[in-house]
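The values are calculated or read from the model by the stated rules, or taken from the named source; none is laboratory data. Predicted model, so just to flag it, every value in this text is computed and none were measured. Here the Cβ positions follow ideal geometry from the backbone for every residue, glycine too, while neighbour counts run over all protein chains shown.
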Amino acid sequence: MELKQRLEVRAKAGVSNPAEVTNDALDLALKEAFEIVGKKQVSDTTKLDIAFFRLMIMIKKSGASEDDMELYKAALQIVKNANSLESTGEEIPANFVKVKQRGNSWQ
């Protein structure tokens with residue numbers, strides 16, 4: 001199941017009127033989530049949490065709930081702490097180790 005479908009199922013379960021969840025709103029929420037994540041390496045669940053919060057802000061008159069806000073803050077913290085990806089798609093290591101061959105101590 002792709003991310004948009006997962007977001008739609010979750011959003012329709014979270015609102016009283018499922019007709020409010022439109023394709024345009026789903027696309028916009030996912031676009032905003034991908035902009036927030038940028039080139040960080042995070043799970044789809046984190047992206048989904050961000051997109052869900054952005055969607056609830058768009059379609060709910062009362063805004064997002066406190067539980068949604070907590071999930072959003074946790075997802076943003078995950079994004080903040082995530083490793084970045086180079087333009088080549090390779091992960092940047094957090095630290096480097098210098099390796100060299102040991103000499104023979106018996107000679």
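See the values below:
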read-out	value
Residue satisfying all of: in the range 57-104; assigned to a helix (DSSP H, G or I) and of a type in the set (Asp, Glu); modelled with the highest pLDDT among these	Glu70
In the range 8-26, the residues that are surrounded by 10 or more Cβ atoms within 10 Å (Cβ to Cβ) and hydroxyl-bearing (Ser, Thr, Tyr)	Thr22
Test set (1) surrounded by 20 or more Cβ atoms within 10 Å (Cβ to Cβ); (2) under 12 Å from Ala75 (Cα atoms) - Ala29 fails condition number	(2)
Count of residues meeting criterion [in a loop (DSSP other than H, G, I, E, B) and within 17 Å of Glu2 (Cβ to Cβ)] in the range 24-51	2
Checklist (1) modelled with pLDDT under 90; (2) in a helix (DSSP H, G or I) applied to Arg54, failing item	(1)
Candidate set: the range 5-23, residues that are farther than 11 Å from Leu55 by Cβ and either part of a helix (DSSP H, G or I) or of a type in the set (D, E, K, R) (or both); chosen: the one nearest to the chain's Cα centre (by Cα)	Arg6
